[in-house]
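The values are calculated or read from the model by the stated rules, or taken from the named source; none is laboratory data. Quick caveat, the model's predicted, so the values are computed rather than measured. Counting neighbours? That spans all protein chains shown, and the Cβs are built from the backbone with ideal geometry, glycine included. We work out accessible area using only protein heavy atoms, side chains counted, and drop any ligands, DNA or RNA first. Shrake-Rupley method; radii C 1.70, N 1.55, O 1.52, S 1.80 Å.
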Amino acid sequence: RPRVLSGIQPTADSFHLGNYLGAVRNWVAMQETADAFYCVVDLHAITMGHDPVALRNRTRLSVAQLLALGLDPERCTLFVQSHVPEHAQLAWVLSCITGFGEAGRMVQFKDKSAKQGSDTTSVGLFTYPILQAADILLYQADAVPVGEDQRQHLELTRDLAQRFNTRFGQTFTVPAAYIVRDTAKITDLQEPTSKMSKSASSPNGILELLEEPARSAKKIKSAVTDTGREILYDEENKPGISNLLTMYAALTQRTIDELLEEYDGRGYGDLKKDLAEVFVEFVKPVQERTRTYLEDPGYLDKVLAVGADKARAVSAVTLANAYQHLGFLSPA
Ligand code: ATP
Ligand code: MG
């Protein structure tokens, strides 16, 4: 079985539909076909400034949502990044083989730092992709299921793995990005050319899995659509409608072509109304299951303790091997 690893940040109370369709949905599927490791990456979530009480809460909420969306701790390893110290340890090593200019070319850093002043932008935000590389390489992952926005970080991870292997000897599997094209970039409802984002989207631009479903329905109905009235799939000229079609198709397991046929001659309003219904039906049971998991923090803790043990069993071996190759003296 191939090894798979991916992670999600506890940077908001709720995941959004892009997180689910672009990432978590594929994680659920890959539990059946791969040896899967999934983590809530709390170390990444402190790179932009955070509130400690909210972070602890959001980490639990993230775990509960992952279980509610279908991750099964019997079928995958589910853990919290900070429970496994090897992530931070390998990140240091990898930072020493990453070029400053190379790290400076990461688009996510440019985007996220542009929204802050340079004195409030942390060095951690700059080195974030290196920590992400460590997350992946520690588990010898063959594939990393992520959204389109992570493609560049995956390229860096591959470069670092190859560089380390060439300089110090074969240590890391070189991972491939696993990006499912159709749902790799769900866009903001109000700004349909930008990706939907936990930290950057405006409240009306984001469909949160845990918000009041009636509120989501309203947001869908007031989503920015395009000029013209025909329902067509055209990412370039009709990004708003195309995004709604993408979400609709993914949530109903239908093809865009089937939807285009069904909505031929009908208006944007019909499509929005129906998508709102489909979304509400999707999130209701997810919300209920999330609540149930949150009511049992003892169970969540147990899942995470088992997950951390399983994760450490793999990551400690990789780190020791990397240290060995680097020439660090083994402790007696
Ligand atoms: P933040 O704004 O804090 O970075 P985020 O919404 O980008 O939050 P992450 O936790 O960074 O979410 O990413 C988790 C996973 O969800 C990643 O695999 C990422 O590629 C994927 N993802 C995030 N946004 C989208 C989106 N709009 N469409 C598809 N996939 C997405
Ligand atoms: Mg992100």
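Please go through the stretch 201-217 and pick out each residue that is under 18 Å from Y20 (Cβ atoms), open to solvent by 10 Å² or more (accessible area, probe 1.4 Å), among the small types (G, A, S) and within 15 Å of ligand 1 (Cβ to nearest atom).
If the condition is that a residue be under 18 Å from Y20 (Cβ atoms), open to solvent by 10 Å² or more (accessible area, probe 1.4 Å), among the small types (G, A, S) and within 15 Å of ligand 1 (Cβ to nearest atom), then S201 is the only one that fits.
Pairs, please: C-beta under 7 Å, at least 6 apart or cross-chain, first residue of a type in the set (K, R) and in the stretch 100-113, second within 16 Å of ligand 1 (Cβ to nearest atom) and in a helix (DSSP H, G or I)?
K112/L125
For I231, state whether it is surrounded by 15 or more Cβ atoms within 10 Å (Cβ to Cβ), of a type in the set (V, I, T) and away from ligand 1 (no atom under 13 Å from the Cβ).
So I231 fits the description; yes.
Show me the helices (runs of 4 or more DSSP H) entirely contained within the stretch 99-200 in which 3 or more residues are within 16 Å of ligand 1 (Cβ to nearest atom).
Counting at least 3 such residues, we get 107-114, 123-137, 151-168.
Could you check the stretch 157-175 and list, in sequence order, the residues that are within 23 Å of M106 (Cα to Cα) and not polar (S, T, N, Q)?
Scanning the stretch 157-175 gives R158, D159, L160, A161, R163, F164, F172, V174, P175.
Taking the stated definitions as given, is L78 at pLDDT 95 or above, closer than 30 Å to F279 by Cβ, surrounded by 22 or more Cβ atoms within 10 Å (Cβ to Cβ) and in contact with a Leu (Cβ under 6 Å, 6 or more places away or on another chain)?
When the stated conditions are applied, L78 passes them.
Quick check on my filter: what residues within the stretch 259-294 are open to solvent by 90 Å² or more (accessible area, probe 1.4 Å) and assigned to a helix (DSSP H, G or I)?
E261, K273, E277, E281, K284, E288, R289, R291
Could you look through the stretch 101-133, keep only residues that are farther than 18 Å from Q150 by Cβ and of a type in the set (A, V, I, L, M), and pick out the one that is most open to solvent (accessible area, probe 1.4 Å)?
Taking the candidates together, the pick is V123.
Test A184 against the stated conditions and say whether it is within 15 Å of S242 (Cα to Cα) and more than 15 Å from ligand 2 (Cβ to nearest atom).
no
Pairs, please: C-beta under 8 Å, at least 6 apart or cross-chain, first residue within 15 Å of A68 (Cβ to Cβ) and among the β-branched types (V, I, T) and in the stretch 1-26, second in a helix (DSSP H, G or I) and open to solvent by 10 Å² or more (accessible area, probe 1.4 Å)?
If the second residue must be in a helix (DSSP H, G or I) and open to solvent by 10 Å² or more (accessible area, probe 1.4 Å), the pairs left are I8/N19; I8/A23.
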